[in-house]
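Shown next, in structure tokens, is the structure this report addresses.
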Amino acid sequence: MDHAEGDEARQDDNIDSGSDSDTPLGKRKRPAVRKRVLDDDDDDNEDADTLSSSDSGAPALKRTRPAAAKRKSYKDDSSESDGEGDYRGSSDSDVPLAKKKAADSKSAKSNGSSKTNGSNGTSRTKAAPKYKEESDSDAPLAKKAASKKTTTTTKTKVKSEPVSSSKSKQSSTTIKKRVKEEVDDKSKVKKIKKEEVDDKGKVKKVKKEEDEDEDADAWWLNQKENEDESVKWTSLKHNGVYFPPDYVPHGVKMKYDGKPITLAPAVEEVAGFFGALLFTEHAENPTFQENFFKDFSKLAKAHKTSPEITSFKKCDFTPMYEYYQAEREKRKNMTKEQKEAAKEEKMALDEMYGTCYLDGRKEKVGNFRIEPPGLFRGRGKHPKTGCLKLRVQPEQVSLNLSKDAPIPKAPAGHKWGAIVHDDTKTWLATWKENVNDSTKYVFLAAGSSLKGQSDLKKFETARALKKEIDWIRRGYMTDLKDKKMFIRQRATAMYLIDRLALRAGNEKGEDEADTVGCCSLRFEHVTLEKPNIMHLDFLGKDSIRYQKTVEVDEQVFKNIRLFKREPAQEGDDLFDRLKTSELNKHLQNLMKGLTAKVFRTYNASFTFQDQLRKTPKDGTVAEKLLAYNRANRDVAILCNHQRAVSKGHAGQIEKIEDKVRAYKYQRMKQKKMILSLEPKLKKKRPELLEPESDLEDDWIEEHEAQLMEKERERIKAKFEKDNLKRKENKEKPMPAGELKDLLKEVDVRAKELAKERKTGVVPPTRGATVEKCNTQILKLDERIAATRLTLTDKEENKQTALGTSKINYIDPRISAAWCEKYDVPLDKIFTKTLRDKFKWAMTVDADWEF
DNA sequence: TAGAAAACTTAGCATCGTCTTT
DNA sequence: AAAGACGATGCTAAGTTTTCTA
């Protein structure tokens with residue numbers, strides 16, 4: 001924003017930035033975390049910082065970036081007690097975590113005293129990692145007890161040392177065990193059911209086939225315990241990957257400087273990439289153009305194109321554009337045979353590359369197609385968008401399969417980059433992509449056992465969090481007031497991640513789009529408003545805007561204000577001493593398997609199940625589905641899953657709005673009629689005089705014209721129909737004059753309406769009474785409200801994508817149980833592919849709980 | 001041990017396929 | 001039959017987390 005401030009800050013910077021100043025600009029490194037004790041006092045200065053410069057209302061997209069983050073004058077650690085009144089953390093909270101563990105037994109005691117801290121005591125104890133091996137029975141129980149039975153001894157709970165070395169194995173085994181038990185139970189039940197059915201002998205084999213297959217492939221029915229998790233398979237056989245066909249030159253010439261020019265095939269191909277995108281947002285994007293042209297002109301030069309292509313402006317790709325448009329058209333108009341042939345071909349490819357054998361089971365491969373060359377389409381303001389993505393050669397591709405598997409043949413004249421036999425990896429093939437230098441993989445499909453297993457594991461971790469969430473929350477609520485900046489920031493971040501379902505927010509590089517998550521939030525992304533309102537406005541993953549206003553906990557509000565004061569400038573990190581790795585490390589300590597994203601999964605699934613309780617027990621299937629989708633939408637909103645509004649949306653909305661206006665129009669007429677019937681009411685019911693909102697005179701005129709037109713149509717149609725009937729009955733048709741008369745009546749009516757418009761007086765229709773009008777108005781009120789509801793419903797749904805949460809965040813067992821409970825067919829909520837993906841989850845019964 | 005790379009999940013958009021409307 | 005709407009699926013970018021490396 002302003003330089004005056006900035007400069008001052010910069011001076012500050014110089015004083016203490018020390019080692020940071022030599023951090024290379026390009027790399028946005030964080031300052032080494034210097035410890036510091038909070039010296040602020042929350043409660044004063046309140047006004048001083050009520051905020052904020054940057055609330056222009058515009059999204060905070062500017063990136064003032066680089067050097068910023070690193071300045072700040074941190075006091076050092078030697079704590080001056082700040083005498084903060086509400087700091088309750090007894091001795092332990094300022095002990096570094098490592099030491100805290102040792103101190104636990106003590107703290108448990110001291111905490112036991114006050115009630116509020118009683119629970120804290122538990123959490124504190126818990127904070128030291130000691131996930132119980134067998135059965136969750138003991139540690140978690142303590143917590144349960146604490147919350148349920150209120151009292152219970154915290155003291156006895158204090159356990160010895162955490163076994164941090166043996167790491168995650170134990171807990172995951174525990175989870176597995178639990179799952180297995182559950183599954184075993186279920187399958188028993190199922191089997192019994194089956195037998196019963198069989199005994200009665202009546203029910204046919206209907207899906208016998210499927211069932212058998214299922215059993216054979218039902219990995220979830222016999223999860224092995226103590227299996228080494230890192231080993232993913234013992235046998236893996238597949239046919240490699242499919243490469244896109246070589247480029248076939250079409251000879252269509254682009255124009256340069258107004259003249260058609262001849263391009264070498266390789267150059268023509270790239271020109272075509274751009275041509276095909278002409279008139280899209282990408283092709284209009286300057287960065288895209290620039291990046292494209294850089295690569296394109298270089299390539300053209302390498303092929304000695306003449307004349308040399310040096311100016312983007314002189315390029316005219318429209319001939320190519322037209323060519324590709326025509327190709328599209330052709331494809332659309334393929335004959336049946338051609339379509340059939342294409343299908344065959346696709347099936348053959350699917351069979352060849354789309355399937356593999358994993359431990360002898362036939363499984364689907366996800367993306368067996370090597371990504372074809374093209375122009376990189378980065379999202380948002382990606383600095384590299386438009387860059388040429390090169391064709392991948394077999395030499396760049398590594399395959400992963402078991403030693404006993406035959407090595408697929410590389411395309412003629414080529415060799416594979418490498419053949420590996422790594423049974424700890426799930427990928428079948430990998431290569432490096434040239435634009436961002438990132439690694440691409442071919443994995444199994446979503447419905448495969450491997451993916452299913454990790455899906456199950458994911459949700460089990462989320463369910464584990466459900467059991468721990470209470471004390472974890474109490475823990476970070478306490479930490480919000482910790483003296484150490486780092487702890488405070490960590491707690492605040494946890495709060496946001498938990499309550500707002502934010503992503504972790506890793507650091508990003510200079511050559512990526514500037515998007516953020518929780519830990520990478522910057523000054524300008526958050527504005528505060530007294531007393532405890534927080535506005536968030538930033539670009540998240542995929543450059544999707546996150547814009548929400550929320551009420552936050554008082555202490556969170558104070559903390560953010562404090563963090564903001566530190567940077568005090570755009571471009572500075574809000575959580576300047578927190579990295580996702582540190583956050584996750586902490587979370588690991590709280591619960592094995594816990595990472596930032598687990599909160600998203602947990603909250604999504606939990607919210608969903610919670611919202612589903614609104615399902616009408618005895619409604620129609622449609623009503624139940626409505627409830628389902630509402631719950632789904634709540635989750636999508638929570639996770640900020642958006643989509644571009646569809647093209648026709650505005651039109652559709654317009655239509656509904658028109659409908660509302662039409663109702664309002666009718667209501668207006670009714671009101672005026674009342675006044676005609678009973679002029680005295682003007683005083684008693686002044687609302688009758690109030691004009692309807694959003695009802696313009698022009699609109700009314702047009703609307704009435706439409707009404708009349710419709711009326712005429714109706715009359716004509718009726719007239720003709722009547723005559724047809726008469727004909728059938730051998731009667732004489734009505735004379736055309738009759739129709740004319742009828743239509744004249746409409747004209748008369750139109751004149752009446754025009755008059756009403758002018759005078760504002762609506763004479764009562766025959767038989768009208770005030771009462772009747774009143775009921776009419778009431779009805780209209782209702783209709784208007786209902787239509788408005790569908791309007792907001794539609795409006796919100798239009799930019800909310802339900803799919804992502806359904807696919808990734810909502811435990812499918814919740815849905816399966818719901819279907820069972822409310823007797824809704826599964827395929828009403830899951831497509832075939834989703835049913836396939838979630839087949840492991842479909843055996844739960846109606847009372848299953850997340 | 002931090003930073004980079006690898007591995008894997010999550011994400012929206014383009015396109016496809018199917019069903020409805022014109 | 002064409003056009004349009006819309007959900008399902010494919011594609012690959014963009015995240016997070018885990019693992020490797022210097």
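Structure above, values below:
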read-out: Mean Cα-pair separation over length for the stretch A:255-336, i.e. relative contact order, pairs under 8 Å, 6 or more apart, %; value: 47 percent
read-out: Inter-label distance for residue A:849 and residue A:548, nm, one decimal - labels placed 7 Å from Cα along Cα-to-Cβ; value: 2.5 nm
read-out: Distance between modelled label sites at residue A:336 and residue A:649, nm, 7 Å Cα→Cβ extension; value: 4.0 nm
read-out: Length-normalised contact order of the stretch A:420-492 in % [C-alpha pairs under 8 Å, at least 6 apart]; value: 15 percent
read-out: Theoretical gain in end-to-end length, residue A:749 to residue A:541 [0.36 nm per residue, Cα-Cα removed]; value: 69.0 nm
read-out: Low-density loop positions, trypsin sites (Lys or Arg not before Pro), the stretch A:606-654 - DSSP coil, at most 13 other Cβ in 10 Å; value: A:613, A:614, A:617, A:647
read-out: Inter-centroid distance (Cα atoms) of the stretch A:308-344 relative to the stretch A:222-298, Å; value: 15 Å
read-out: Built amide H within the under 5 Å cut-off of residue A:389, gap 5+; value: A:374, A:375, A:376
read-out: Using a Förster distance of 45 Å, the FRET efficiency for residue A:403-residue A:832 (Cβ separation, nearest 0.05); value: 0.80
read-out: For the stretch A:651-795, size of Cβ-based charge dipole, Lys and Arg +1, Asp and Glu -1, in debye; value: 780 debye
read-out: Calculated over the stretch A:651-795: convex hull of Cα atoms, volume per residue (Å³); value: 155 Å³
read-out: Percentage relative contact order, the stretch A:338-445, counting C-alpha pairs under 8 Å, at least six apart; value: 24 percent
read-out: Distance cut-off 13 Å, percentage of C-alpha pairs in the stretch A:299-356 lying past it; value: 75 percent
read-out: Range of Cα positions in the stretch A:338-445 per principal axis (Å), largest first; value: 46, 41, 30
read-out: Sequence ranges A:232-245, A:408-421, ranked by mean other-Cβ count within 10 angstrom, highest first; value: A:232-245, A:408-421
read-out: Extension gain (nm, one decimal) between residue A:352 and residue A:280, 0.36 nm per residue minus Cα-Cα; value: 22.4 nm
read-out: Net length gained if the chain between residue A:707 and residue A:741 were fully extended (0.36 nm per residue, minus Cα distance); value: 10.4 nm
read-out: Computed log₁₀ I(q)/I(0) - Debye formula, equal Cα scatterers, no solvent, the stretch A:442-535, q 0.14, 0.24 Å⁻¹; value: -0.76, -1.23
read-out: Directionally averaged projected area (convex hull, Cα atoms, the stretch A:255-336), nm²; value: 5.8 nm²
read-out: 30 Å Cα-Cα threshold exceeded, pairs from A:614/A:832; A:624/A:672; A:481/A:597; A:798/A:828; A:614/A:794; A:346/A:409; value: A:624/A:672
read-out: Separation of the residue A:630 and residue A:371 label points, Cα + 7 Å toward Cβ, nm; value: 4.1 nm
read-out: Signed unit charges on C-beta, dipole axis of the stretch A:603-709, positive-most listed residue A:691, A:619, A:676; value: A:619
read-out: Stokes-Einstein diffusion coefficient of the stretch A:610-724, Kirkwood radius over Cα pairs, 4 °C, 1.567 mPa s, in µm²/s; value: 68 µm²/s
read-out: Qualifying GluC sites (Glu not before Pro) in the stretch A:283-320, DSSP loop, other Cβ atoms within 10 Å at most 14; value: A:308
read-out: Where only C-alpha atoms are counted, convex hull volume of the stretch A:507-588 per residue in Å³; value: 105 Å³
read-out: Cleavage-rule hits (trypsin sites (Lys or Arg not before Pro)) in the stretch A:501-603: DSSP loop, at most 16 neighbouring Cβ within 10 angstrom; value: A:508
read-out: Residue A:820-residue A:726 FRET efficiency (beta carbon distance; Förster radius 51 Å; 0.05 resolution); value: 0.30
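Values in this text are rule-based calculations from the coordinates and carry no lab data. Keep in mind that this is a model prediction, so the values were computed, not measured. A quick note on method: Cβ atoms are made from the backbone with ideal geometry, for glycine too, and the neighbour counts reach across all protein chains shown.
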